[in-house]
1. Assess whether Ser197 counts as being assigned to a helix (DSSP H, G or I), within 22 Å of Ala38 (Cα to Cα) and in contact (Cβ under 8 Å) with a residue 24 or more places away in the chain.
2. In the set Gln108, Gln50, which member is of a type outside the set (D, E, K, R), at pLDDT 90 or above and farther than 23 Å from Asn232 by Cα?
3. All but one of (1) in a loop (DSSP other than H, G, I, E, B); (2) surrounded by 23 or more Cβ atoms within 10 Å (Cβ to Cβ) hold for Glu184; state the number of the condition that does not hold.
4. Scan segment 74-86 and tell me whether some residue there is under 20 Å from the mean Cα position of the chain (by Cα), of a type in the set (A, V, I, L, M), at pLDDT below 80 and over 30 Å from Arg213 (Cα atoms).
5. Considering only segment 9-46, state which residues are β-branched (Val, Ile, Thr) and either modelled with pLDDT of 50 or more or within 15 Å of Ile159 (Cβ to Cβ) (or both).
6. So in segment 217-261, with the set limited to residues that are under 18 Å from Trp43 (Cβ atoms) and of a type in the set (S, T, N, Q), which one is surrounded by the fewest Cβ atoms within 10 Å (Cβ to Cβ)?
7. Within segment 138-174, restricting attention to residues that are assigned to a loop (DSSP other than H, G, I, E, B) and at pLDDT 65 or above, which residue is farthest from Val44 (Cα to Cα)?
8. Kindly state which helices (runs of 4 or more DSSP H) lie completely within segment 202-296 and contain at least 3 residues that are farther than 30 Å from Asn170 by Cα and modelled with pLDDT under 90.
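The values are calculated or read from the model by the stated rules, or taken from the named source; none is laboratory data. All figures in this text were calculated on a predicted structure; none of them were measured in a lab. Positions of Cβ are backbone-derived with ideal geometry, glycine not excepted, and every protein chain shown enters the neighbour counts.
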Amino acid sequence: MRLAISSQHVAPVLILAASAISTKDERLARLAASAGWASIAAWVLVYSPQIAENYKLQSGEGLSIPFVFIWLLADLTNFLGAIWSGLLSTITYLALYYIICDCIMLFQVYYYRYRRRTSPEVFAHETTPLLSTSEPKPQVSSSLDWQSIIIYLAALSVIVLFGVFGWVINDPHRRHSTPKAVPEQWDDKAQIVGWVSAILYLSSRFPQIIKNRTTKCEGLSFIFFSFALIGNITFAASILIPSQTPEHVLINMSWLVGSLGTIALDLTVLAQFIYYRKDRAQLKATGHSIVQQHVE
């Protein structure tokens, strides 16, 4: 799940910064807000590794098309929900940013397919996998080389800094006035958007998991799914840290189901990366590519 589209939960970041400060345990409230900010940072950064991987390989065949399309539908649902509920422009812009990134990944898939069909001579001399249906000598990129590790650590530092920022700005002693608490209420609009989004986000992972059995995760970015995992963990934490009362959990059930369920599925994808690492190493050693022969 990305953002909780609700008049009470426009995002863990913004609402907890305004409401949870009035609770008895200010430290938990600040921790929840910090997790919310970290979640936002993770979701802003999540697309970059996969988009960069597609560009590097000049192909998006590692991605499952249904996965990206369903994810796009979920982001469209959040975007329309933000407009429907009249949320802050910041939340609307974030939802729009997600949609743009989804479209970029889809564009990459179809653009590189078009290039392979119309300019096969350009790809005939490439040494990267996924680029040609002929049998050049491709080299499968490793899931995590040293450059990727450095990028991962740098991006992870940004997420941590966002979390620290959320902690600092929600210090009640730094405020001139204490914001009024925003009471939690059942919102039919938010519940509709929440459950539709949850179903879409959960269902989006299955096509990718199935495709990975054939492609051995070739052409996917390990960091892409790692950041999605971090984003969902921090998102769920931002909801559960301030309160675990039945009423609070019930109101937030759709976002919790979406986040926790997606965490389990993202862990499955990451487990596939590890499980198929020897297969990818063998492909690299023999100069073959599974994904270049697997076009949906």
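1. The answer is yes for Ser197.
2. Gln108
3. For Glu184, the exception is condition (2).
4. Scanning segment 74-86 turns up at least one residue that is under 20 Å from the mean Cα position of the chain (by Cα), of a type in the set (A, V, I, L, M), at pLDDT below 80 and over 30 Å from Arg213 (Cα atoms).
5. Of everything in segment 9-46, those that are β-branched (Val, Ile, Thr) and either modelled with pLDDT of 50 or more or within 15 Å of Ile159 (Cβ to Cβ) (or both) turn out to be Val13, Ile40, Val44, Val46.
6. Ser226
7. Asp171
8. Filter on segment 202-296 gives 277-286.
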